[in-house]
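In what follows, a single structure is set out as structure tokens and then discussed.
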Amino acid sequence: MTPLYLKGGRVVCPATGHDAVANVLLADRVVIGIGDAPPPADAEVVECAGRVVAPGLIDCGVFRAEPKACHAGGITRIVLMPDQQPPLDDPALVAFTQAMGKPGVWVHPLVAATRGLAGHELAEIGLAREAGAVGVATGRGAIPSTAVMHRLLSYARAFDMVVVTHAEDAALTHGAVATEGDYATRLGLPAAPAFAESLAIMRDLRLAEATGARLHIRQVTTGEGLALVRAARARGVRVTAGITPAHWLLNETAQAGFRSFARLSPPLRDDGDRRAVAAGLADGTISIIASGHDPRSQEGKRLPYADAEPGMAGAETLLALALSLVREGALGLREVLGMMTAQPAALFGLPGGSLSPGSPADLMVFDEAAPWRIDGSRFAGAGNTPFDGLPVAGRVHLTIKGGEAVWRI
């Protein structure tokens, strides 16, 4: 394999703290080093002046593995949710899924918490871990039974596996497609109160505290929910929180005109909660930014709002939307990149997310200031996005996976 020499870019590595103009040498599928040494005679030299060189993104909580979409977004690893056909509730399915993305993207599956994701009988979590599962997930919904959730957390604690949860009380949100309030009332949409999230979070935090398990709440979208996470963390509960760009950039008004591309789960909140999420990112309560990549078919989205399937394509827009935090001055570039590289790697025990010598040669090169307009019709993968038409900045020019260039513009 031809060595790659990335020359003269701003090299940002949140895992090591490096942030300076330098050269990066890749060979034999690993990072050889960062510095000023000249390139080897046999290396391909890539000019990176004026661009950022960083670890490839690790996207947590993806529902569909789309290598081309990942490449366009600078994503080299995905943590795949168990909501597949069939659900990933068997060690053999986990092993098969781990291999399915190669050679395009590294796939790290989460095992389903319960058989068929039905919320009743626990799956073979220990055997799935041996087969390659990097964590356990309840899927698109929460586990209704407190007893089952307690058993899950106790069992996962024995294997030190992180449990990824969806924070909504199913009894309150059944049939709802929006957040309860004046806006949903004016649109005539079936809605659930925002505190359906905090009720679920409160229960799961108490169970995690009792069992000592590691808990990751995939999306915390309300101020009340974030306050509970802060308080639990102060008590020593091993909990982390994640978010997707839609819940700090959009509020419930994005549903205007019954735009089914804005039909998400959890639903969009009012602007007070949106601002609370932005504050949670700034103060570190939220430590993981993910795309929430859950593209649906045209048939599933182009329906009346209440009938449309929740979900959005997010892989290709993840970096550009996350960079809005840098442009607004809420966080620095190294901090934002860390939420999509080093911190997901640490949470799930993954290789990658670093440019230290010997790390996997998974990188991206991007222009932080390059302007473009989101156009779902031009996506490499599925294109149903609530951000269609939005002007953004930050464009991936090169994605390297395993030492090979898989995306160039």
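Tabulated data for the structure shown
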item	result
Test: residue 105 is under 19 Å from residue 212 (Cα atoms) and touching a Cys at 6+ places or on another chain (Cβ under 9 Å)	no
Residues being touching a strand residue (DSSP E or B) at 6+ places or on another chain (Cβ under 7 Å) and either closer than 17 Å to residue 75 by Cβ or buried (at least 20 other Cβ atoms within 10 Å of the Cβ) (or both) - total across the range 113-129	5
Flag if residue 311 is on the phi > 0 side of the Ramachandran plot and touching a Lys or Arg at 6+ places or on another chain (Cβ under 7 Å)	yes
Failed condition for residue 177, given (1) crowded, with 18+ Cβ neighbours inside 10 Å; (2) under 22 Å from residue 321 (Cβ atoms)	(2)
When residues of the range 142-168 are limited to those that are within 22 Å of the chain's Cα centre (by Cα) and part of a loop (DSSP other than H, G, I, E, B), the one modelled with the lowest pLDDT	160
Residue list for the range 374-402, restricted to those being closer than 18 Å to residue 325 by Cα and out of contact with any Asp or Glu (no Cβ under 9 Å at 6 or more places or on another chain)	387, 390, 391, 392
Top-ranked residue of the range 231-245 - restricted to ones that are small (Gly, Ala, Ser) and at negative phi, ranked as surrounded by the fewest Cβ atoms within 10 Å (Cβ to Cβ)	234
Among residues of the range 282-310, those that are under 21 Å from the mean Cα position of the chain (by Cα) and either small (Gly, Ala, Ser) or over 17 Å from residue 59 (Cβ atoms) (or both), counted	12
Hits in the range 58-90 - residues which are in contact with a Cys (Cβ under 8 Å, 6 or more places away or on another chain) and either surrounded by fewer than 20 Cβ atoms within 10 Å (Cβ to Cβ) or more than 15 Å from residue 26 (Cβ to Cβ) (or both)	59, 78, 79
Hits in the range 63-87 (condition: of a type in the set (Asp, Glu) and over 26 Å from residue 114 (Cβ atoms))	66
The range 288-309 - residue that is in a loop (DSSP other than H, G, I, E, B) and surrounded by fewer than 19 Cβ atoms within 10 Å (Cβ to Cβ) and, of those, modelled with the lowest pLDDT	297
Pairs where the first residue, in the range 12-23, is free of Cβ contacts under 8 Å to residues at least 12 places away in the same chain and the second is crowded, with 21+ Cβ neighbours inside 10 Å, C-beta under 7 Å, 6+ apart	20/11
Which listed residue is in a loop (DSSP other than H, G, I, E, B) and either among the aliphatic types (A, V, I, L, M) or modelled with pLDDT under 95 (or both), from 369, 382	382
Among (1) touching a residue at least 12 places away in the same chain (Cβ under 8 Å); (2) of a type in the set (Asp, Glu); (3) surrounded by fewer than 18 Cβ atoms within 10 Å (Cβ to Cβ), the one test that residue 197 misses	(3)
Options 406, 396, 336: the member that is in a helix (DSSP H, G or I) and farther than 30 Å from residue 191 by Cα	336
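The values are calculated or read from the model by the stated rules, or taken from the named source; none is laboratory data. Remember, it's a predicted structure, so these values are computed and weren't measured experimentally. Note that we place each Cβ from the backbone using ideal geometry, even for glycine, and neighbour counts take in every protein chain shown.
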